[in-house]
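Taking it in order: structure first as structure tokens, then the write-up.
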Amino acid sequence: MIAIDALGPTGVYRSRNRELITDSEGVVVAELTVAPKLYVARAVNAQRRTRPLAIPQRQVALLRAADAFVNARVCGLDFDAYVQLASRVSGLPIAAARQGAREVADGLTTAFDALRPARPTGATPDWRDQRHEGGAVWARRGDVFGVLASGNAPGVHALWPQALALGYRVAVRPSRREPFTGYRLVHALRQSGFRDQDALYLPTDYAGADELVACADLAMVYGGQDVVDRYADDPTVLVNGPGRSKILITDDRDWRDYLDVIVDSIAHLGGMACVNATAVLCEHDAPALARAIAERLSSIAPLPITDDRAVLPTQPLAEARALADHVAAKATGTTAVLGADQVVADLGGGHAALRPAVHLLARPEPEILNTELAFPCVWVSPWTRDDGIAPLRNSLVVTALTGDEALIDELVAEPTIANVYSGRCPTYYTAPGIPHDGFLADFLMRCKGFARLD
């Protein structure tokens, strides 16, 4: 069994309070230190007393960390063994877990590149670069950045290294659902030139997590609607909540030409990511579209997540059955095309794969369309011009399959839609320069005026 300790400002810390980590079959695979609230507070205060490394040092260290994350051994685990373990405990298919882990290494390599499109063109990162008469300097809003990470997929850890690139000291509280990626990443950073105080790994309970958010200057948290509501009025907390991503198809486009993009948006990465399509709205023949989606998704075989061909996530059998009951309750009043009764695919050994679910609505009801679940579960609804963009609000991504540029204008102008993709872009599409939910640097940085008159 692997022992996972906290990584504090003076090295490894092991508490007497520890928690067992099990895989999706209920097998114990690791023992996780649970750092007390007081230790969290002292660790963050130690970070605040530490000056950031110089920019060239940070650049070199991040590149070295990318190599170490992939090639080093941590707790006796090489990269492949780590991916297998992350897959087993999260229920994420191993191919998707491997892809997410590679995204972490890519995030380290491109951390500085990702900052360039976020920096205002009129601002300089160093006051020494400012022209003589003065102008704007891009400056940090604080010194310590706290991260309450989720355990859906390794890729959630690809974002916060940008804060290290900006000179923040970072404290990460991992999810107990998948604590291995954060542990491996902080180890890699410390092996590559960052000091212990620069990056902390602080597994802790809810009280410790609250303390981390309170002590850090700024924080990023992941969670459901309850977490969004909790921090809605706190300007020091950036919340990564439900994605509720959607696809809209207007009647000037034939959905048959885009079926691959639609199905891929639903099932990619096991349907577990915030960028997976939760709802599809169609102006022409939504029932036929729902049947076509269901036909494609029903062909996905439920396989053990250790199989490289696996697409569907897994959960302990009891949790899978509870999730299916939840789907059935949410689907009241809809037409089951792939219903909740077939979601649980018992794989033996006390765990199950989650088969896709497809339900057809009579009209676009936002409460149902925004029901996001961590497997390929999609709500299909008819849509009319009279419905407007109201059913598409509160979406991380809307992929618009339309030639109506006025409609795209409306989607781009809608404040509650974070990203708008036009054409054959799956909802999970990403590329350099495209923000996820705004640029992280938008939250971490501000422009200050600077002038020097000799």
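So the values come out like this:
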| read-out | value |
| --- | --- |
| Gain upon complete extension [His326, Gln191; 0.36 nm per residue less C-alpha separation] | 44.1 nm |
| Whole-number D in µm²/s for the chain (Stokes-Einstein; Kirkwood sum over Cα pairs; 4 °C, 1.567 mPa s) | 56 |
| Accessible area of the stretch 325-454 belonging to carbon and sulfur atoms, whole % at 1.4 Å probe | 50 |
| Solution diffusion estimate, µm²/s, Stokes-Einstein, the stretch 189-320, Kirkwood Rh from C-alpha pairs, 20 °C, viscosity 1.002 mPa s | 114 |
| Heavy-atom accessible area per residue - the stretch 66-156, 1.4 Å, Å² | 41 |
| Dipole magnitude of the stretch 1-112 about its Cα centre (Cβ charges: Lys, Arg +1; Asp, Glu -1), debye to nearest 20 | 740 |
| Proximal aspartates and glutamates to Lys37, defined as alpha-carbon separation beneath 12 angstrom and excluding residues fewer than eight positions away on the same chain | Asp205, Asp210, Glu211 |
| Accessible heavy-atom area order of Asp196, Asp80, highest first, probe of 1.4 Å | Asp80, Asp196 |
| Farthest positive-ward along the chain dipole, Cα basis, beta-carbon charges - from Pro242, Ser381, Tyr201 | Tyr201 |
| Segments 199-211, 218-230, 284-296 sorted - mean Cβ within 10 Å per residue, highest first | 199-211, 284-296, 218-230 |
| Solvent exposure ordering (accessible area, 1.4 Å, most first) of Ser150, Ser87 | Ser150, Ser87 |
| P(r) of the stretch 309-371 over all Cα-Cα pairs, binned every 10 Å from zero, in whole percent | 22, 48, 25, 6, 0 |
| Value at 222 nm in deg cm²/dmol, rounded to 500, when DSSP H runs of n ≥ 4 in the chain each add -39,500 (n - 2.57) | -9500 deg cm²/dmol |
| Partner lysines for Lys330 [C-alpha distance under 23 Å; skip if fewer than 8 residues away on the same chain] | Lys246 |
| Per-pair calculated FRET efficiency, R0 = 41 Å: Thr22 and Asp454 via Cβ, rounded to 0.05 | 0.05 |
| Overall form of the stretch 131-194 per C-alpha gyration tensor (a/c, 1.5; a/b vs b/c) | prolate |
| Rounded if a/c under 1.5, otherwise prolate or oblate - the stretch 178-240, Cα gyration tensor axes | prolate |
| Percent breakdown of C-alpha pair distances by 10 Å bin, ordered from the shortest bin, for the stretch 52-178 | 12, 36, 31, 14, 6, 1 |
| Debye, to nearest 20: dipole size of the chain, +1 on Lys, Arg Cβ, -1 on Asp, Glu Cβ | 1960 |
| Amide N of the stretch 86-126 lying under 16 Å from the label point, which is placed 7 angstrom from the Cα of Ala139 along Cα→Cβ | 120, 123-126 |
| Computed over the stretch 340-454, Kirkwood Rh from alpha-carbon pairs, angstrom | 17.7 |
| Taking N as its residue count, the alpha carbon Rg of the stretch 7-81 over 2.2 N^0.38 Å | 1.45 |
| Stokes-Einstein diffusion coefficient of the stretch 406-450, Kirkwood radius over Cα pairs, 37 °C, 0.692 mPa s, in µm²/s | 257 |
| Cα-centred dipole magnitude for the stretch 196-256, charges only on beta-carbon of K, R (+1) and D, E (-1), debye, nearest 20 | 460 |
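The values are calculated or read from the model by the stated rules, or taken from the named source; none is laboratory data. Since the structure is predicted, the reported quantities are computational estimates derived from the model, not experimental observations. Here Cβ is always computed from backbone atoms with ideal geometry, including for glycine, and neighbour counts include all displayed protein chains. Accessible surface areas use protein heavy atoms only, side chains included; no ligands, DNA or RNA. Shrake-Rupley method; radii C 1.70, N 1.55, O 1.52, S 1.80 Å.
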